[in-house]
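*Asks:* Below is a structure I'd like to ask you about.
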Amino acid sequence: MNEAYFESEETHLARGKKRVLALKVFYGNLISYVVVIALLAVINYKYSPEIIWFCWPALGWGTGLFLRWMTLFGLPMWLGKDWEAKKIKEFMAKERQRRSMDGL
């Protein structure tokens, strides 16, 4: 029984370390994104202000960062697991309220 407990603890520890490493890499990429895109914006506005091109690398890299964020942190609350059930309850409550107002 103790072996199973330790295996489970080791598995949890390994998963935790893997997640922390993934977060560390993500935050490093996020910092790099901010610095590089800021530099590109400065270069763009200094040398070719008539054509705004830095937004294209910002959009591409930003999309990749957003997708990575989604895999690390999950869907936003408004798209989470319970979103559909919460919306159904919300609509039902509004319908009940509307019916009670009509009955008055």
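*Asks:* Looking only at residues in segment 23-64 that are hydroxyl-bearing (Ser, Thr, Tyr) and loosely packed, with under 12 Cβ neighbours inside 10 Å, which one is nearest to the chain's Cα centre (by Cα)?
*Replies:* Thr63
*Asks:* Could you tell me whether Arg68 is over 30 Å from Val25 (Cα atoms), at pLDDT below 95, part of a helix (DSSP H, G or I) and not β-branched (Val, Ile, Thr)?
*Replies:* no
*Asks:* Looking only at segment 40-61, count every residue that is among the charged types (D, E, K, R) and in a helix (DSSP H, G or I) and tell me the total.
*Replies:* 1
*Asks:* Kindly establish whether Trp61 is touching a helix residue (DSSP H, G or I) at 6+ places or on another chain (Cβ under 8 Å) and either at pLDDT below 85 or of a type in the set (D, E, K, R) (or both).
*Replies:* No; evaluated as a whole, the condition is false for this residue.
The values are calculated or read from the model by the stated rules, or taken from the named source; none is laboratory data. Since the model is a prediction, treat every value here as computed from it, not as a measurement. Reconstructed Cβ throughout: ideal geometry from the backbone, glycine too, with neighbour counts over all protein chains shown.
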